[in-house]
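Laboratory data are not the source of any read-out in this text; all were calculated from the coordinates shown. None of these values were measured; they are calculated from a predicted model. When we count neighbours, we look across all protein chains shown, and the Cβ atoms used for this are built from the backbone with ideal geometry, even at glycine.
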Amino acid sequence: MFKRFFFFLFLGILAVMLFVNSNFKVIGSGIAILLFGMIMLEEGFRVFTKGPLQNLLKKATHKLYKSIGVGAIVTAFIQSSSLVSVITISFISAGLINLSGGLGLIFGANIGTTATAWLVAVFGLKFQISELAMPMLVFGVVFSLQKKASIKGLGNVLAGLGFFFLGIHYMKEGFDVFKNYIDLSQFAISGFWGVAVYTVLGILVTTILQSSSATLALILTALAAGQIEYENALALAIGANVGTTITAVLGSLGSNIAGKRLAGAHLIFNVITGLVALVFIYPLANLVNVLSGALGISATDFTLKLALFHTIFNVLGVLIMIPFIKKLERFLLKFFKEKVDKDIDEPKFLNEAILQFPSGVLLAMMKEAKYLYENAIYEIVAHGLNIHREDIISNVGVKELVKSSKEDFKTNVRELYYNKVKHIYGEIIRYATTAQSTLNMTKAQNTRLSEIRIASRKMVEIIGDVRELGRNVSNYLNSDNKYISKEYDKFRKKIVKVLRVIYLFRTKIDREAHYAQLLVLKDQARKGKHQSTKSINKLIRNDLITVDMASSLVNDNDHVNDIVKKLIEVAELLYGETDTLLANENK
């Protein structure tokens, strides 16, 4: 409610200012055009974030210096720390990278955002940038109207840069005219009091604009026009850095735990960096003067000096945080605790953050399907046969295991399905459908997603077969008719053997040998489904079982073979080959 009130208050003040002063319209339009350009830049680069960029970000996270460096370079190139943050949150949520690697990327992104200040100070204010902006807009719009994603993305990048530079042009023009009517520099405040006031002002402006880069562009153009003093501009830059954390915190309120942890890291980093910059603002300003002389920057070129100052205190912040990154990781994990004991029917790996990129959603869905298979399905199949799940993976012989398992578990397979499987299966289908309709997925990725859906559907079909089989297994478990009891024990042995081989196939080193066993068992099940076994025929001929028993055996023989075949098919789909989720994105 407070956020809504603040928003409408801002709109009211903005409307009054635009009405009262026509020059402010030019500045306001410049800010709006620049922000629109940044949005287009992000959308344009989003097209190119799959494949190489995601591989680069993922591989860089095993070393802290690499993750910081890559985070800085990528952010400087694509001019969007928010896009790097989105990728990082998606990767952490999907388990592609760990939290410490993500922290490195975020810290690097803070350094990368300083490139905006250099872009504005060097190009935006030193050249007639509108002349460069116009051709970019023309070609950008032409390219963005094309159907091919890569060309359209390039068009958005060009148009975004065009609008970015055009926005700077209008802001500069506006301030140049504005100073003829109102000299804002008369409100300059010197000393630490001025530093405090302008820092708070920088925070407020960034909170309103929702972009520290836009705030910096505004500061630089105002500084170039002589509307603010250099000392106050330094404080505004510090405030802009701190203010951007408010945007991150507000944005994380509805995100998953990975988003909250990264927003927390962003807040801690920028607040500490801001405090250090405030305490040492004058020594840092002196350092800028020294470095400016060495770099050939004029003593009166305050825009370049501000860009240098902004870079120095962000790099300093990263250097200060590096020794404490493990402690920061532990604090974030402790403070933002993930719900460990999720409800039994809740997905364990699926969340909205993974839907940003194909690699994230594929890995998370694969993990979810495997978790469902290894836990709920194994339990339902085992308990449906009146066998403990842990006994299946034990060293006890299959024959002895089945012989000693004569307790009726009274398993309600239907209830287990509704409590443990139905909702998760529905979520897998929902996420798969959403990903295929909203993400630009390759043919290989669509195929993999379809395989996960097929595997999930087969798991549900297995439960249906177990429900039918389980009733008779319990009925004849301790039957007075030893012949029918023996036949159902054969069924149980057949399924237990398959479950055990599948367990070995997915957990042991010698996977090829176990997979060869599975292929043999699968072939036997395929043949067995179309013909009754000799032992059943013999029992029927010799009247050793009743007609009802014979009917149950024939039907359940089909159920057993279906269960075996589908269990193996799911194992093949989920564990049969090495995942190449990221590698396939370029194909």
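Numbers at a glance
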quantity	calculated
Distance histogram for the stretch 357-586 (every C-alpha pair counted, 5 angstrom bins, percent rounded to whole numbers)	1, 6, 14, 16, 18, 15, 11, 7, 5, 3, 2, 1, 0
Sequence of K565, K458, K422 once ranked by neighbouring C-beta atoms within 10 Å, starting from the fewest	K422, K458, K565
Descending semi-axes in whole angstrom, ellipsoid equivalent of the stretch 340-481, from the Cα gyration tensor	35, 14, 13
Inter-probe distance in nm under a simple model that places probes 7 Å from Cα toward Cβ, at K348 and K490	3.7
Proximal aspartates and glutamates to K327, defined as alpha-carbon separation beneath 20 angstrom and excluding residues fewer than eight positions away on the same chain	E338
FRET efficiency for V197 and I73, using Cβ-Cβ distance with R0 set to 51 Å, rounded to 0.05	0.90
Residues R430 and L544, FRET efficiency given R0 of 45 Å [Cβ-Cβ distance, rounded to 0.05]	0.35
Computed label-point distance, nm, for sites E131 and K334 using a 7 Å Cα→Cβ extension	6.0
Restraint check, K422/K565; K422/K458; K367/K497; K527/K566; K370/K566; K367/K565, Cα-Cα greater than 20 Å	K422/K565; K367/K497; K367/K565
Cβ-based exposure ranking for E131, E374, in which fewest neighbours within 10 Å come first	E131, E374
Pairwise FRET efficiency - R457 versus N478, Cβ, R0 = 60 Å, nearest 0.05	0.95
Qualifying aspartates and glutamates (Cα of each under 19 Å from Cα of K305; at least 8 residues distant if same chain)	E229, E231
Eligible lysines near K25 by straight Cα distance, threshold 26 Å, same-chain separation 8 or greater	K3, K126, K172, K179
Segments 303-313, 64-74 sorted - mean Cβ within 10 Å per residue, highest first	303-313, 64-74
